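Chemist: Handing you a structure now.
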Amino acid sequence: MGLFLLWFFFGIGVIIQLVYLLVIFGRTAWFKSITKSSKNQIPEEGVTVLVAAHNEFQNLKILIPRLFEQDYPKFDVMVVNDRSTDRTKRLLEEMMALYPKLRSVTIKYTPNHVTPKKFALTLGIKVAKNDVILLTDADCMPTNDQWIRKMTAPIREDGKTFSIGFSGYEVKSSLLNKWIQFETMLTALFYFSFGLWKAPFMGVGRNLCYRKSFFMEVKAFKGLWHLEGGDDDLFVNQYATGKNSAIVIDPCATTTSIPKETWKEYLVQKKRHLNAGKYYRGEDKRKIGLFSLSHALFWIGAIGLMIYFGVETELEQFLIVLGIVLVRSFLVLSIFNSASKKIQGSATPMNVLINDFIYLGYFWVLGSVSYQAKDIPWK
C-alpha cells in the first residue's frame, strides 16, 4: 500500500508539473513578440509616472534624473511625499527647479480608516495631469530609456486598461540574492503566463500601468483600504480581465529594484506579499496552490521511491524514477533560463535546481505563516 501511494503521488505530481511547465509557463518561456508597425502614426498620449515615497531621499536623488532620461515626448513625474522625515521635501523642491515636468504633493498624516500607501497612491492619481498612470517605486530604476513607451503602448495604442510589466532585482553574489532572483522569476512565470492565457490575476506595483479614469470610476481601492498590501496585485486581481489587460514582455520595459540584504528583511517583505494572496479570487488561489501541491507530491514521491528502490536494490525502478527527475530538472532549468532571456534580456544567476527544491519548504512554511499573519506595515 505504501509503495502504491508513493507511485500515485509521484504520478499525479509528474502530470500536473508537466502541464504547468510546458503548457502554462511555456507561454512565457517561448513567447514571440509581434511587431506592430502600423501603430507608429498614432499621436503620443501624455503619461504620468507616479512614485509614492516615504523617507526615500537617497533613492529619489538617483531615480528622478534617471526618469527624465526617458525617450518619450509627453510625460511628467509625480512624487507623493508620504510623511517623510528625512530630506525628501527639500530634495523635491531642488529637483523641481531643475526639472519643470516634476511635480510633488506632500502628505502630513494618514486618516485612520485607510492604509498609508493606498492613500498616497490615491492622492497622487487624483492630482495627476494625465490619464495614463505608470507606477514604480523610489528604489526602482528603469533599465532602458524606452521604458515609458513600451509599458504604456498597450494602453495608448491598443485600448487596454491594464499594462502589466516585470520588475526584477539587482544581481549580487549572495545566496539570498540567488533565491530572490529565482522566486521573482517564478512569480513572473505565474502572472505572465496566465496573463498571456487571457486569465490575468496579479501585477507588481514597481512596474504597472493603468488609466486614471478607470481607477476613479471603480473607486480604486474600495474594499481594500484596511489591507496594508494589495495596492497592486489585489487591484489587478479584482479588475483585470483577458480583454482589458496586456502583458509586456520586453527587456526594454523592465525595472530593477534594490534587493533585501538580510534574510530577516526579505522574510518580512515576503510575508507582506504572501499575506495579500489570501484575498485573491478562489480560482486564482487554485492556480498557485495546484502547482505547489503537485510540486510537493512530485518531490515526496520521487524521494520516497528512490529510497525504497535503493534499499531494495531494484536498480531498474530506481533509474526510472531518477530519469524522470532529471527530465523535469532539465525542463525547469530550460524554462527559467529562456523566460529570463525573454523578459530581462539575459539569463540571471539563480541556482534554479537547488532553489526549486528549497521552494518545497518555502511555500508551505512561509505561505502558511503569512496566510495567518495580520497585515504587515508598508513603512
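Just so you know, all these numbers are worked out from the coordinates, no wet-lab data involved. Predicted model, so just to flag it, every value in this text is computed and none were measured. Cβ: placed from backbone, ideal geometry, glycine included. Neighbour counts: every protein chain shown.
Chemist: Based on the inverse mean of 1/r over its pairs of different Cα atoms, what is the Kirkwood hydrodynamic radius of region 45-276, in Å?
Modeler: 17.9 Å
Chemist: Hey, another quick one. Could you name the aspartates and glutamates in cross-link range of residue 129, using Cα to Cα under 17 Å and dropping any fewer than eight places away on the same chain?
Modeler: Straight-line reach from residue 129, under 17 Å: 44, 45, 76, 217.
Chemist: When a footprinting reagent is the concern and you count Cβ atoms within 10 Å, what order do 163, 245 take, fewest first?
Modeler: Values: 163 26, 245 23.
Sorted ascending by nearby Cβ count, the order is 245, 163.
Chemist: For region 1-87, just say rounded, prolate or oblate: build the C-alpha gyration tensor, square-root its eigenvalues into a ≥ b ≥ c, call rounded for a/c under 1.5, and beyond that prolate if a/b exceeds b/c, oblate if not.
Modeler: Oblate, because a/c is 1.5 or more while a/b does not exceed b/c.
Chemist: For residue 252 and residue 42, what does the FRET efficiency come to when R0 = 25 Å and r is the distance between their Cβ atoms, rounded to the nearest 0.05?
Modeler: 0.85
Chemist: A further question follows. Efficiency by 1/(1 + (r/R0)^6): what FRET value for residue 89 and residue 110, r their Cβ-Cβ distance, R0 = 22 Å, to the nearest 0.05?
Modeler: Approximately 0.85, to the nearest 0.05.
Chemist: What shape does region 74-177 have by the C-alpha gyration tensor, where a ≥ b ≥ c are the square roots of the eigenvalues, rounded means a/c under 1.5, and otherwise prolate means a/b greater than b/c and oblate the rest? If you can, show how the numbers build up before the last one.
Modeler: Values: a/c = 1.42, a/b = 1.15, b/c = 1.24.
Here region 74-177 falls in the rounded category.
Chemist: A follow-up question, please. Do the alpha carbons of any pairs in 212/243; 61/212; 101/260; 117/271; 32/278; 150/270 sit beyond 24 Å of each other, and which pairs?
Modeler: Table pairs above 24 Å Cα-Cα are 61/212; 101/260; 32/278; 150/270.
Chemist: Assuming 0.36 nm per residue, please report the length gained on full extension of the stretch residue 197 to residue 313 beyond their Cα-Cα distance. Present the calculation step by step, with values, prior to reporting the outcome.
Modeler: Details: separation 116, 0.36 × 116 = 41.76 nm, distance 4.50 nm.
Here the answer is 37.3 nm.
Chemist: A further question follows. For Cα pairs less than 8 Å apart in space and 6+ apart in sequence, what is the mean separation divided by the residue count of region 45-276, i.e. the relative contact order in percent?
Modeler: Worked out over region 45-276, it gives 25 percent.
Chemist: Roughly how tilted is helix 352-372, in degrees to the nearest 10 and between 0 and 90, from the longest Cα axis of the chain?
Modeler: Helix 352-372 and the main axis of the chain meet at about 70 degrees.
Chemist: How high is the FRET efficiency between residue 292 and residue 97 when r is their beta carbon distance and R₀ equals 56 Å, given to the nearest 0.05?
Modeler: Here the calculated transfer efficiency is 0.65.
Chemist: Filter the GluC sites (Glu not before Pro) in region 263-348 to those in DSSP coil with at most 14 other Cβ atoms within 10 Å of their Cβ, and list the result.
Modeler: Sites meeting the loop and neighbour criteria: 312, 314.
Chemist: Among 152, 297, 105, whose Cα projects farthest towards the positive end of the dipole of the chain, with charges put on the beta-carbon of Lys, Arg (+1) and Asp, Glu (-1)?
Modeler: 105
Chemist: If amide hydrogens are placed 1.01 Å from N in the peptide plane, which non-local residues have theirs closer than 5 Å to the one on residue 47?
Modeler: Here 75, 76 satisfy the definition.
Chemist: What is the antiparallel percent of DSSP beta bridges lying wholly in the chain, to the nearest 5? Don't skip to the answer; put the middle values down first.
Modeler: Details: 10 of 35 bridges.
Around 30 percent antiparallel, to the nearest 5.
Chemist: So between residue 32 and residue 269, what do we pick up on full extension, going 0.36 nm a residue minus the alpha carbon distance?
Modeler: Length gained, residue 32 through residue 269: 82.0 nm.
Chemist: Loop-only check: which GluC sites (Glu not before Pro) in region 1-99 are DSSP coil with at most 11 other Cβ within 10 angstrom?
Modeler: On the way: sites: 44, 45, 56, 69, 93, 94; in loops: 44, 45, 56, 69.
Here the sparse-neighbourhood loop sites are 69.
Chemist: Where in region 299-338 does the amide nitrogen come within less than 15 Å of the point 7 Å from the Cα of residue 347, taken along Cα to Cβ?
Modeler: Once the point is set 7 Å along Cα→Cβ of residue 347, 329-338 turn out to lie under 15 Å by backbone N, inside region 299-338.
Chemist: Which of 107, 164, 324 ends up with the largest GNM mean-square fluctuation for the chain, with Cα atoms connected below 10 Å?
Modeler: Sorting by GNM fluctuation, first place goes to 324.
Chemist: May I ask for the angle, rounded to the nearest 10°, between helix 282-311 and the longest principal axis of the chain, with both axes built from Cα atoms and the value confined to 0 to 90°?
Modeler: 30 degrees
Chemist: In what order do 149, 87 fall by count of nearby beta-carbon atoms within 10 Å, going from fewest to most?
Modeler: Ranked by crowding around the Cβ, least crowded first: 87, 149.
Chemist: Just to confirm my numbers, what's the Cα centroid distance between region 51-75 and region 156-199 in Å?
Modeler: After rounding, the separation between the Cα centres reads 21 Å.
Chemist: Rounded to the nearest Å, what's the spacing between the alpha carbon centres of region 107-121 and region 306-348? Just the number, please.
Modeler: For region 107-121 versus region 306-348, the Cα centre distance is 47 Å.
Chemist: What distance in nm lies between label points placed 7 Å from Cα along the C-beta direction at residue 7 and residue 326?
Modeler: 2.2 nm
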